[in-house]
Amino acid sequence: MFEICLYGLVPGTDVQKHGFCLPVKLACTIFAFRNNNHFRVMTLTKIAQQIFRHRRQRIALYATDTADIQRRVLNNLVAKAKETEYGRVHHFDSIHTYDDFARLVPLATYEDLKGDIDCMRRGERDVLWPGQVVHYAKSSGTTNDKSKFIPVSREGLKDIHYRGGTDVVVLYLAEHPESRLFDGKSLILGGSHTPNYNTPNSIVGDLSAILIENINPLMRPFWAIRKSTALLADFEVKRDQIARELIARKHVTSLSGVPSWMLSVLIRALEISGKETIDRLLPDLEVFFHGGISFVPYRPQYERIIRKPGMTYMETYNASEGFFGIQDCRSDTSMLLMVDYGVFYEFCPTEYISADGRVEDMSRVVPIEGTELNRNYAMIITTNCGLWRYVIGDTVKFTSVRPYKFIITGRIKSFINAFGEELIVDNADKGLQAACEATGAEVADYTAAPIYMNDDGQCRHQWLIEFAKEPADVRMFAAILDRRLQQLNSDYEAKRYKNITLQPLEIVVARRSLFNDWLKGRGKLGGQHKIPRLSNSRTIIDKLLEMNAGKG
């Protein structure tokens, strides 16, 4: 009997544990081996399911051993970074417990680490993490900068991002034993990268581009598009090229990417091919692995263009800073917190986070076992990419503790709290979902901000919404949205009481492609870039309104 592995085919699998690699030419063929004098025929997907049993067993330990697993992760991170500049300054050699760690290492925002990261980008070694880090994921900027540059170490690639990609497949196959995932190709939608300063062999760009650039070449036979196409910088050119290559390939079983950008590609593929639905174009398609933004507003549009029974949509939480969560059950929208990667987690209730992302009461920061169900937390991470007690900016709420499962509720700075209403992105997405279901509408993109009190004391929330399918009555849509937000958020409900503080929300219908045009003007079309959903500031919405009126 043969023992084989998918190392290189599915990144992150430990080749030392599983023997030699399956030749790529066997990828789409059947495999037979002798068992009790009989030949048993298995597809590559079935082989993968057998190989992944050990990993499934380790993930099952999340339900009982999370705190111990996380302590081992923390000890390993501290031990490896003792001799870095950061480790020496913060006395890593004196850290023996979590309390030592919390006492000696300060919480950090990007601004706190920016100087060190810039030194690393210029080639300095042993700054935040041992050795030289040559890859930097470019993500949305801060108040002071257009972009952030998140270090991605070799260990981070292997033990966070690629391990996460492997576990997505592990968990998907565990729930879908009938899958033919590896018997076809995958469309992985990514961004682009550029050289980093003048540092040799160093790049900066979208995380997805860094992953595509570094992935084992043995994976390439499984790609539905060429690597050169995947890394094109101009999204409009890339979208057309991907669509054409997709039409030529056809034998595609999975999609991976950000819902908004993937939808744009799929619609273009339908336009070029003349097909009515994606399942007619890609009959073997079975799953879309998505992340980056909420899928809730996009689900109706996907269900309209993909009508295949049993089509699966599986959410992942793979940010520039790390791979944190995977939806492990199709009937449960929450995600499993991945606790044995190169990431140590801490959490702080959002009520103790200031508007600029700073923790106001350090005593409220707790490790995973100190969290409570159904409470909104800001997530703080320590990783093997050199992010130490980094306040990532995302907020989560736990729905289970054995194992720890969560939903993403928004961003620390992506909310509206102009009048004490505490409206978060999770409320907004669910409110829009209710309004769409009631009116048959479909939302392509949106943003919202407050209109502050005028001379008559009138104030309200203003929503700028680009509809993929506009409701017959926008006022009815607005009323349903407003009513659902009151049901979801007691603070919002209190402020809306008898219109005393907040008047009914206003919806402005955005012209087609408004949000894409805004992103394009900022050089952020495609990749992992996304629209800021909620803001106390009117800076973004006012610019968009100008463009919508043809003035910008």
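The values are calculated or read from the model by the stated rules, or taken from the named source; none is laboratory data. From a predicted model like this one, the values you see are computed outputs, not experimental measurements. We place every Cβ from the backbone using ideal geometry, glycine too, and count neighbours over all the protein chains shown. For accessibility, only protein heavy atoms count, side chains too; no ligands or nucleic acids. Shrake-Rupley method; radii C 1.70, N 1.55, O 1.52, S 1.80 Å.
If you wrap the tightest convex hull around every Cα atom of the chain and split its volume per residue, you get 161 Å³. Solvent-accessible area of R249, all protein chains in place: 90 Å² (probe radius 1.4 Å, heavy atoms, ligands and nucleic acids excluded). Based on Cα contacts under 8 Å between residues 6+ apart, segment 132-208 shows a relative contact order of 35 percent. Annotation for R538 and R56: the two label points, set 7 Å from Cα along the Cα-Cβ direction, are 5.6 nm apart. Extension gain for I267 to N201 (0.36 nm times residue separation, less C-alpha to C-alpha distance): 20.1 nm. Per residue, the accessible area of the chain comes to 43 Å² when a 1.4 Å probe rolls over the protein heavy atoms. For segment 312-454, a crude dipole built from +1 on the beta carbon of Lys and Arg and -1 on the beta carbon of Asp and Glu, taken about the Cα centre, is about 200 debye to the nearest 20. For the peptides 119-132, 489-502, the ranking by mean Cβ contacts within 10 Å, running from highest to lowest, is 119-132, 489-502.
With contacts taken as Cα pairs under 8 Å at a separation of at least 6 residues, segment 309-416 carries a relative contact order of 22 percent. Highest-first packing order for the peptide set 431-439, 328-336 is 431-439, 328-336, based on the mean count of other beta carbon atoms within 10 Å. Look at where the Cα atoms of segment 222-281 and of segment 77-99 average out, and the two centres are 46 Å apart.
In percent, rounded to a whole number, the relative contact order of the chain is 12, using alpha-carbon pairs under 8 Å and six or more apart. To the nearest 0.05, how large is the calculated FRET efficiency for V401 and R72 if R₀ is 22 Å and r is the Cβ-Cβ distance? It comes out at approximately 0.70. When the helices of the chain are scored as -39500 (n - 2.57) per DSSP H run of n ≥ 4 and the total is divided over every residue, the value at 222 nm lands at -9500 deg cm²/dmol. Rounded, prolate or oblate: which fits segment 468-552, taking a ≥ b ≥ c as square roots of the Cα gyration tensor eigenvalues, rounded meaning a/c under 1.5, else prolate when a/b beats b/c? Prolate, because a/c is 1.5 or more and a/b exceeds b/c. Spin-label model, S513/R304: points 7 Å from Cα along the beta carbon direction are separated by 1.8 nm. For S363 and K82, what is the calculated FRET efficiency with R₀ set at 41 Å and r taken between the beta-carbons, to the nearest 0.05? With a Förster radius of 41 Å, E is 0.95. The listed peptides 266-278, 57-69, ordered by packing as a protection proxy, come out as 266-278, 57-69 (highest mean of other Cβ atoms within 10 Å first). Assuming charge only on the beta carbon of Lys and Arg (+1) and of Asp and Glu (-1), the dipole of segment 437-528 about its Cα centre is about 180 debye to the nearest 20. Computed from point charges on the beta carbon alone (+1 for Lys and Arg, -1 for Asp and Glu), the dipole magnitude for the chain about its Cα centre is near 1700 Debye.
Please work out whether segment 425-507 counts as rounded, prolate or oblate from its C-alpha gyration tensor, where a ≥ b ≥ c are the square roots of the eigenvalues and a/c under 1.5 means rounded, while otherwise a/b larger than b/c means prolate and anything else oblate? Because a/c hits 1.5 or more and a/b exceeds b/c, segment 425-507 counts as prolate.
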